[in-house]
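**Q** Attaching a single structure in structure tokens format; questions to follow.
A short reminder: the numbers here are calculations on the coordinates, not readings from a lab. Owing to the predicted nature of the structure, the values given are computational and were not obtained by experimental measurement. Note that we place each Cβ from the backbone using ideal geometry, even for glycine, and neighbour counts take in every protein chain shown.
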């Protein structure tokens, strides 16, 4: 670090060199600035729990209905006005989707969404849930 003059033997230098600290902070800042846009924010949803659940198959279409009433198709928010139009296009390619609705969404809204899917050509709809274990005939949370 810094050298001490001969007349100040045994005394330490009172200044702290902050240059390495600033370098590290700037490198971390650059890393976070690059990584932040790549981070995927998930959809805030609490799925209902049941013992009869199995994982979502890969490459399947997932439609999400949040507690705020927002509709997502594969993590992309869709305006309710164009939802049916999107579903008609999707139905030409796939007739099976997975529907995940927040457990606080009223039953009527889920049924309305199911009706829209069926009306627009989606024949097979699987409901997505959080699987829970059953121990000794009792359901554990």
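**Q** Kindly rank 27-39, 119-131 from highest to lowest mean number of other beta carbons found within 10 Å of each residue.
**A** 119-131, 27-39
**Q** Highest mean first, what order results for 18-25, 99-106, 78-85 on Cβ atoms within 10 Å?
**A** Answer by packing, highest mean first, reads 99-106, 78-85, 18-25.
**Q** Can you sort 92, 112 from fewest to most other Cβ atoms within 10 Å of each residue's own Cβ?
**A** In increasing order of surrounding Cβ atoms, one gets 92, 112.
**Q** OK, next. Taking every eigenvalue of the Cα gyration tensor of the stretch 49-134, multiplying by 5 and rooting it, what semi-axes result, largest first, whole Å?
**A** 21, 16, 11
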